[in-house]
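J.: Please see the structure below; I have some questions.
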Amino acid sequence: MCGLTGIFDTRSKREVDRGLLVRMNESLFHRGPDEGGIHTAPGLGLGHRRLSIIDRSGGQQPLFNEDGSVVVVFNGEIYNFAELAKELRQKGHTFRTHSDTEVIVHAWEEWGEACVDRFRGMFVFAIWDSKQEQLFIARDRLGIKPLYYSMLPNGHFIFGSELKALLQHPDLPRDIEPTAVEDYFAYGYVPEPKTILSHAHKLSPGYTLSVSRNGRAPVCKQYWDVPFAALPKHEEEEYAKELADRMTEAVKIRMIAEVPLGAFLSGGLDSSAVVAMMAGLSDDPVNTCSIAFADPRYDESGYANEVAKQYNTQHTVWQVDSDDFDLIDRLAMLYDEPYADSSAIPTYRVCELAKKKVTVALSGDGGDEILAGYRRYQWFMREQNLRDVFPQGFRSLVFGGLGKIYPK
């Protein structure tokens, strides 16, 4: 992953405090330890921390177009960058690097704000177009990469990959957002577009944000949402084949890297499927990492070991304590705002383990949500079938009362 940050004067072209911009950028050092870059212009400052994955010798950021009028800072990967680069070269654009970053500046020149529709990947990027005097920011469709921003009282628009970058700015109000506290206790985290601070916001997944030097508020636009349209009915075998084909292709395009690559392996269905597909696509053994717990009630490392043996992976296991509370202060620093997922501790440890062997790691996160794998989904369907038996008035009286007693 990488980190980006910036300061933009929406009222005039006041000089940006370079020292402040550097502090904001260095607060994200852990996201990009390989390289760092700063760009300043009248009323503008952009910063970037890089973790090199593609075109390690080139692709330094901030990165410019041919005449220097467009500059980008970017966090993520554009998986279809090779196809887009070929198309853009045919349209007359000149490339200086082989990085996916440079595709973004030329795509902006060619397609403007609609460039996001052409990108397939996980990304947040910020483009400054000096000819149009426009700052354009986009976040990927599912919000894999984060972006925080704030419009300060003095007319400065600031943004960064983490809230801690914004907190470096002395003019950011620190007022707590009361509704965000409510959301935290309801959901266990603070959902977009809120943050724990009243004057800071998250850019929502599938959204773009445009800021101009006219004193107006930033304009957010949704360019994508999950489609819920009914699909044609097919036989179960057809669905199974399409799922396998799509997953295989998704894994394949995520294995493009110039650095060591591996996978998190829990032994569950999702991560095991990813590892199986990686093994089928790779000539070399896949690097896999797992966490084991001393308490057998929580330990699933045995399942991971079976999968590792099945696919002949280079497997590493690290045993951690279930009460690994020494990490809490570290996690609080990393998350910047309240977060109540107990899996954060083992997730951090398995990432720590993976870093010793690889730079990029694939995981099976999201499988249960997409394919309704959690038991709570089954319970919900059973509860809904039970509710449907009773009239609306009876349901409101009984289930409404039960909900007040036990909201969960």
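A short reminder: the numbers here are calculations on the coordinates, not readings from a lab. Every value quoted in this text rests on a predicted model; they were computed, and no experiment measured them. FYI the Cβ positions are ideal-geometry reconstructions off the backbone, even for glycines, and counts take in every protein chain you see.
J.: Would you mind working out the magnitude of the charge dipole of the chain relative to its Cα centre, with +1 at each Lys and Arg C-beta and -1 at each Asp and Glu C-beta, to the nearest 20 Debye? Write down the numbers at each step before the final one.
T.: Numbers: 45 positive and 58 negative charges, 160 e Å.
Result for the chain is approximately 760 debye, rounded to the nearest 20.
J.: Mind putting a number on the dipole of region 236-370 about its Cα centre? Charges go on the C-beta only, +1 for Lys and Arg and -1 for Asp and Glu, and I need it in Debye to the nearest 20. Before the final figure, lay out the partial values.
T.: Values: 11 positive and 26 negative charges, 128 e Å.
About 620 debye.
J.: Let me ask something else about it. Among 338, 28, 168, flag the residue with its Cα farthest along the positive direction of the charge dipole of the chain, charges on Cβ as +1 for Lys/Arg and -1 for Asp/Glu.
T.: 168
J.: Moving to a separate point now. From the Cα trace of region 294-335, what convex hull volume per residue do you get, rounded to a whole Å³?
T.: Per residue, the Cα convex hull of region 294-335 comes to 103 Å³.
J.: Kindly express, to the nearest 10 degrees and within the range 0 to 90, the angle between helix 344-355's C-alpha long axis and the longest C-alpha principal axis of the chain.
T.: In the chain, helix 344-355 runs at an angle near 70 degrees to the longest axis.
J.: Regarding region 254-408, what are the three Cα extents along the principal axes, ordered largest first, in Å?
T.: 62, 38, 31
J.: Can you list, bin by bin at 10 Å, the percent of alpha carbon pairs in the chain, starting at 0?
T.: Calculated P(r), rounded to whole percents: 4, 18, 28, 26, 16, 6, 1.
J.: Separate question: Determine, for each peptide in 329-337, 90-98, 230-238, 207-215, the mean count of other beta carbons within 10 angstrom over its residues, then list the peptides with the highest first.
T.: Details: 329-337: 14.1, 90-98: 12.4, 230-238: 7.4, 207-215: 17.1.
Peptide ranking by packing, descending: 207-215, 329-337, 90-98, 230-238.
J.: If I model a spin label at residue 17 and residue 252 as a point 7 Å from the Cα along the Cα→Cβ vector, what separation in nanometres do I get?
T.: 5.1
J.: Given the pairs 91/202; 164/202; 86/221; 145/194, which are separated by over 24 angstrom at their Cα positions? Mind dumping the intermediate values first?
T.: Values: 91/202 35 Å; 164/202 13 Å; 86/221 29 Å; 145/194 16 Å.
The answer is 91/202; 86/221.
J.: Here is a follow-up. I need the peptides 134-141, 385-392, 282-289 ranked by packing, meaning the mean over residues of other C-beta atoms within 10 angstrom, with the highest value on top.
T.: Details: 134-141: 22.4, 385-392: 9.8, 282-289: 18.5.
With the highest mean Cβ count within 10 Å placed first, the list reads 134-141, 282-289, 385-392.
J.: If you wrap region 137-255's Cα atoms in a convex hull and average its projection over all directions, what's the area in nm²?
T.: Working: hull surface 44.1 nm².
Quarter of the Cα hull surface area: 11.0 nm².
J.: Let me ask something additional. How long are the three semi-axes of the equivalent ellipsoid for region 60-159, computed from the Cα gyration tensor as the root of 5 times each eigenvalue, in whole Å, largest first? Display every interim value, and only then the final one.
T.: Values: eigenvalues 105, 54, 24 Å².
With the √(5λ) rule applied to region 60-159, the semi-axes are 23, 17, 11 Å.
J.: Provide Rg and Dmax in Å for region 185-287, with only Cα atoms included in the calculation.
T.: So, for region 185-287, Rg and Dmax equal 20.4, 57 Å respectively.
J.: Which of 114, 304, 354 ends up with the largest GNM mean-square fluctuation for the chain, with Cα atoms connected below 10 Å?
T.: Largest GNM mean-square fluctuation: 114.
J.: When the helices in the chain are scored as -39500 (n - 2.57) per DSSP H run of 4 or longer and the sum is shared across all residues, what 222 nm value do you end up with, to the nearest 500 deg cm²/dmol?
T.: Dividing the helical sum by the residues of the chain leaves -10500 deg cm²/dmol.
J.: Okay, next question. Based on alpha-carbon centroids, what's the gap between region 319-378 and region 56-86 in Å, whole number please?
T.: Result: 30 Å between the Cα centres.
J.: A further question on this structure: Between 241, 309, 252, where does the largest GNM mean-square fluctuation fall for the chain, given springs only between Cα atoms within less than 10 Å?
T.: 241
J.: Looking at the calculated P(r) for region 3-222, what percent of the C-alpha pair distances fall above 29 Å?
T.: Numbers: 5223 of 24090 pairs.
Every Cα pair in region 3-222 considered, those over 29 Å come to 22 percent.
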